[in-house]
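Trainee: Dumping the structure here so I can ask a few things about it.
The values are calculated or read from the model by the stated rules, or taken from the named source; none is laboratory data. Please read these numbers as outputs of a predicted model, since none were measured by experiment. Counting neighbours? That spans all protein chains shown, and the Cβs are built from the backbone with ideal geometry, glycine included.
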Amino acid sequence: MCIRDRLWRHSVACAIGSNWLAKHCSFNDLAGEAFFAGLLHDIGKLFILSVIEDIRKSKVIDHLLSEPLLNEVMAGLHTDHGHSLMKTWNLPDKYCDIARDHHEASFDSKNHLLIIVRLASLACNKTGIGMHTDSDTLLTATTEAELLGLSEIDIAKLEVVLEDATKL
């Protein structure tokens, strides 16, 4: 599966997982916003892929970056570029901030929308949905799961939702 397809798969699953988490955690008023935020949280990666493709097509460079190097570039730059892109589009700050902060070690523990998207994205990575797999992550031990008051059973249900989302 190509990088763009894996990114799309991750974004859709994260959106579905974020929507499910919002409803499951009784943040029903955030469910639609959670879906949208989950869908767009990695928009910076798509932007970087598009820029690299445009450069390649222009023949400025005649070879493709290796996938490990491309992943490293995206990991280091996608949050700032996603934030800037969403600001340019005049999207509400809550979405721009999620694009910027979804990997930050320190984050606003009262921002439920951010917490939901962070956990959904971590769960996608744990289950192998997306750019990389981090199967060693213990989701129940994350700050996000603790802040949302989720049990092992809740996390298992989230993982089933994500696996079902990839079958759509």
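Trainee: Quick check on my filter: what residues within the stretch 37-67 are within 11 Å of the chain's Cα centre (by Cα) and not small (G, A, S)?
Mentor: Hits for the stretch 37-67 are L39, L40, H41, D42, I43, K45.
Trainee: Next up: List the helices (runs of 4 or more DSSP H) inside the stretch 22-105, counting only whole elements, that have at least 2 residues being among the hydroxyl-bearing types (S, T, Y) and surrounded by fewer than 21 Cβ atoms within 10 Å (Cβ to Cβ).
Mentor: 67-88
Trainee: Filter the stretch 106-125 down to the residues that are surrounded by fewer than 18 Cβ atoms within 10 Å (Cβ to Cβ) and among the small types (G, A, S), then identify the one that is nearest to G17 (Cα to Cα).
Mentor: Applying the filter and picking the extreme gives S109.
Trainee: Go through the stretch 116-154 and report how many residues are farther than 18 Å from F35 by Cα and not small (G, A, S).
Mentor: The number of residues fulfilling the criteria is 19.
Trainee: Now for a different question. Which one of these does D93 not meet: (1) at pLDDT below 95; (2) closer than 26 Å to G82 by Cα; (3) over 16 Å from the mean Cα position of the chain (by Cα)?
Mentor: Only one criterion is unmet by D93, namely (1).
Trainee: Yes or no: V51 aliphatic (A, V, I, L, M), out of contact with any strand residue (DSSP E or B) (no Cβ under 9 Å at 6 or more places or on another chain) and over 18 Å from V117 (Cβ atoms)?
Mentor: Taking the combined requirement at face value, the residue satisfies it.
Trainee: Here's another thing I want to ask about it. How do the helices (runs of 4 or more DSSP H) wholly within the stretch 112-168 filter down when requiring 2 or more residues that are β-branched (V, I, T) and at pLDDT 95 or above: which remain?
Mentor: Ranges flagged: 112-126, 152-165.
Trainee: If you don't mind, there's one more thing I want to ask. So which of V12, V51, V60 is under 19 Å from D80 (Cα atoms) and out of contact with any Leu (no Cβ under 6 Å at 6 or more places or on another chain)?
Mentor: V51 is the lone residue from the list that is under 19 Å from D80 (Cα atoms) and out of contact with any Leu (no Cβ under 6 Å at 6 or more places or on another chain).
Trainee: Further question on the same structure: Quick one: which residue in S151, S106, S121 is touching a residue at least 60 places away in the same chain (Cβ under 8 Å) and of a type in the set (S, T, Y)?
Mentor: Answer to the check: S121.
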